[in-house]
Amino acid sequence: MALVKGVNSYVLLAEANDYFDNRLDAEIWSTTAVPDLALMTATQLLEGEDWTGISYLATNDLAWPRSGSFKDTPRNRSVAFTGTYAFPNSKEKETAVPREIALIRKATYELALHLLNNKGLLNKGASVKGLKAGSIALDSIIEASTIPRIIRDGYTDLIDGGRKSSSWEGW
């Protein structure tokens, strides 16, 4: 299936290309033969999150746009979702989309890059449960998450439950 923004991807390939033109350590993006597949897979993985709010329309192909609100922790404010947002088939500037859509778009870019940089990440055929070297033993090794924390932290405010409270609330 071809990449279709708003159906199987949160972004266009051209938008991702623009993003990675201004991103450090993204060389693999310009050399991969399957950037569209990486974006669709990243979107599919993000679709598995327990997002706050509810899907704006029952007929949406994707979990976004949504209705409701979220606490934008870095900006220390409450933000209402822009439920009427529609994914256009034309390029959008990152600064022209609603805050929640910008967060989802960035997560899609970063997760797509992560998948390309970590071949076999989705193949869960083998895993290590424990490791022993001489008298040193590690038991109950926890399997790494498919979506790394550095990416998930970028959209944690949008997940049902949001950030855990801390003494630091951002700006």
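The values are calculated or read from the model by the stated rules, or taken from the named source; none is laboratory data. None of these values were measured; they are calculated from a predicted model. For neighbour counting, all protein chains shown are included, and Cβ atoms are generated from backbone atoms with ideal geometry for every residue, glycine included.
Some values worked out for this structure:
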| read-out | value |
| --- | --- |
| Flag for N123 being within 21 Å of L3 (Cβ to Cβ), in a loop (DSSP other than H, G, I, E, B) and at pLDDT below 95 | no |
| Out of S9, S55, S30, sole residue that is of a type in the set (S, T, Y) and touching a strand residue (DSSP E or B) at 6+ places or on another chain (Cβ under 7 Å) | S55 |
| Residue list for segment 1-17, restricted to those being in contact (Cβ under 8 Å) with a residue 24 or more places away in the chain, of a type in the set (S, T, N, Q) and within 18 Å of K93 (Cβ to Cβ) | S9 |
| Those helices (runs of 4 or more DSSP H) lying entirely in segment 1-47 with at least 1 residues under 12 Å from L113 (Cβ atoms), among the small types (G, A, S) and out of contact with any Leu (no Cβ under 8 Å at 6 or more places or on another chain) | 27-31 |
| Residue that is nearest to E100 (Cα to Cα), among those in segment 18-70 that are among the small types (G, A, S) and touching a residue at least 24 places away in the same chain (Cβ under 8 Å) | G53 |
| Candidates R152, R163, filtered to the one that is surrounded by 10 or more Cβ atoms within 10 Å (Cβ to Cβ), modelled with pLDDT of 90 or more, under 30 Å from S69 (Cα atoms) and not small (G, A, S) | R152 |
| Subset of segment 27-46 (residues that are surrounded by fewer than 17 Cβ atoms within 10 Å (Cβ to Cβ) and more than 10 Å from the chain's Cα centre (by Cα)) | E27, I28, S30, T31, T32, A33, V34, L37 |
| Unique match (being farther than 30 Å from N118 by Cβ and assigned to a loop (DSSP other than H, G, I, E, B)) among L57, L62 | L57 |
| Extreme residue, surrounded by the fewest Cβ atoms within 10 Å (Cβ to Cβ), among residues of segment 91-146 that are of a type in the set (S, T, Y), within 23 Å of L12 (Cβ to Cβ) and in contact (Cβ under 8 Å) with a residue 24 or more places away in the chain | Y109 |
| In segment 66-92, the residues that are at pLDDT 90 or above, of a type in the set (S, T, N, Q) and assigned to a loop (DSSP other than H, G, I, E, B) | N76, N89, S90 |
